[in-house]
Structures are given as structure tokens and as C-alpha cells.
Amino acid sequence: MSSIARVRVRRGTAAAWTAANPTLALGEIAAETDTLRFKVGTGAAAWTALPYYSPAEADLVRGQVSKMDAGTIGIVTQSVYVSTGLTGTFDTATASGTSLGTTNTFAVKNTSGATKLMQIYGSIDAKTVSGNNHTLGIKLAKNGTAIDQTECRAFTGSGSQEAKLVTNWMISMAANDEVALFVANHSGTEDINFGRGRLVATEVR
């Protein structure tokens, strides 16, 4: 007659594990009962220093937000980068481990519970209220701080053509970090007419 062995790993809530912060033995498995995530011990690292187990075949953390209708971005100071102040539409159908930003509602938020290296693509089509001959810029911003290395500038044409602004950068995002698009008017203090835009975040492995 065959028998079935039942194995129960160490378990507790995420808060309980963090508070206790034990050092798991090498190969020891411990699970969070409220998040259903688990960690594997190294024999040296404490709980909070261990990454959550993530098999190679697990879904990549990813998310994208877009706004395909017009909006106005208020500008007070020339060449100062500001949040769009707009609300995007989050694509829940393709998302994994991300959500729409909560501090900035045209942003992608890392809700995976772990630090992730993310490839971030952002673009905006825009012009100033008068529409003609102005230089606009965009930067990616993490948690409200613009990242200078991501700056892109483009010129609005003389016939009210929109500037096409695109940026792309790898950013390390800790749990609950948000990445958004910031914009600036480098030619004056005219408000910016937003035409359309998108922000796409994909985990790099």
C-alpha cells in the first residue's frame, strides 16, 4: 500500500517574517501565508536580505500606461521639469507585478514586492498653447525626481506641428517605486498641450 508524505515549510505573514528577520538555513524554504511568496535560505543572509524566489520561467514584471486624448500641462518656470498632472489608463490585461502609480497617476508602480531592474520607454506628442517654434523636453522621473540622463528634446514646427519626444532607460525600481514622465518648456512659460503619450516598463533579466 502506497503512502503520501506531507511536507509543511516554515510559514508566517510577511509582517511576522520581517519583524523576526531570522537567518534561514542553507536550502531552507519559508513562505508568507498572506502573499503566497517564499524565500530560500543561504545559511548566511537574514530574511530581509533574501530575495523572493523567482524561477526563470516566471512572468517578467511589466506594465504600461497610456493617455490617447488631449490634456493641458501647466508650466510656471522655463526649463523646469514637472509632472504632467494627467491620469493615464493602465493596461491591466498585460500587467504583472505593477500597477498605475498612486503618487503620480501617469506612472508605472512596482508592486512585485522586490527590487527589479526595469527597461522604461516613454513618449509624448505635444506642443505649446501657441503651437509654433518651441523646444520641449521630457525626462523619466523616479519617485518624483527627474533622471537627467533620460532627457530628450524636440522642436514644435512652424505650422503647429507637435514635438515627438521619446526616451528609454534602465532603472532599478525597489518595491513601490514609481516611474513617471516629466516635461518642460525650454522656450518659455507657455502651458503645454498634451496630445498623446505612453509609458512602458519591462523587467530586465
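For the stretch 148-163, indicate whether the set of residues that are assigned to a strand (DSSP E or B), in the same structural domain as Asn104 (by TED's automatic domain parsing) and among the β-branched types (Val, Ile, Thr) is non-empty.
No.
Do you know which of the residues in the stretch 153-176 that are touching a Ser or Thr at 6+ places or on another chain (Cβ under 8 Å) and within 17 Å of Arg196 (Cβ to Cβ) is surrounded by the most Cβ atoms within 10 Å (Cβ to Cβ)?
Checking each candidate, the answer is Thr156.
From the list Leu136, Leu181, which one is part of a strand (DSSP E or B), free of Cβ contacts under 8 Å to residues at least 60 places away in the same chain and surrounded by 15 or more Cβ atoms within 10 Å (Cβ to Cβ)?
Leu136
I'd like to know if the stretch 163-170 contains one or more residues that are of a type in the set (Ser, Thr, Tyr), touching a His at 6+ places or on another chain (Cβ under 6 Å) and closer than 19 Å to Val82 by Cβ.
Taking every residue of the stretch 163-170 in turn, none turns out to be of a type in the set (Ser, Thr, Tyr), touching a His at 6+ places or on another chain (Cβ under 6 Å) and closer than 19 Å to Val82 by Cβ.
Tally up the residues in the stretch 64-101 that are within 19 Å of Ala146 (Cβ to Cβ), part of a loop (DSSP other than H, G, I, E, B) and under 12 Å from the mean Cα position of the chain (by Cα), please.
1
Kindly indicate which of Ala25, Ala44 is surrounded by fewer than 17 Cβ atoms within 10 Å (Cβ to Cβ), out of contact with any Gly (no Cβ under 9 Å at 6 or more places or on another chain), outside the structural domain of Asn176 (by TED's automatic domain parsing) and in a loop (DSSP other than H, G, I, E, B).
Ala44
Which condition breaks for Glu162 when tested against (1) among the acidic types (Asp, Glu); (2) at pLDDT below 95; (3) out of contact with any Asp or Glu (no Cβ under 7 Å at 6 or more places or on another chain)?
(3)
Hey, does the stretch 110-124 have a residue that's part of a strand (DSSP E or B) and more than 20 Å from the chain's Cα centre (by Cα)?
So far as the stretch 110-124 goes, no, none of its residues is part of a strand (DSSP E or B) and more than 20 Å from the chain's Cα centre (by Cα).
Test Asp69 against the stated conditions and say whether it is surrounded by fewer than 22 Cβ atoms within 10 Å (Cβ to Cβ), free of Cβ contacts under 8 Å to residues at least 40 places away in the same chain and at negative phi.
Numbers: surrounded by fewer than 22 Cβ atoms within 10 Å (Cβ to Cβ): yes; free of Cβ contacts under 8 Å to residues at least 40 places away in the same chain: no; at negative phi: yes.
For Asp69, the condition - surrounded by fewer than 22 Cβ atoms within 10 Å (Cβ to Cβ), free of Cβ contacts under 8 Å to residues at least 40 places away in the same chain and at negative phi - is not met.
The values are calculated or read from the model by the stated rules, or taken from the named source; none is laboratory data. Treat the numbers as computed from the prediction; the structure is a model and nothing was measured. Positions of Cβ are backbone-derived with ideal geometry, glycine not excepted, and every protein chain shown enters the neighbour counts.
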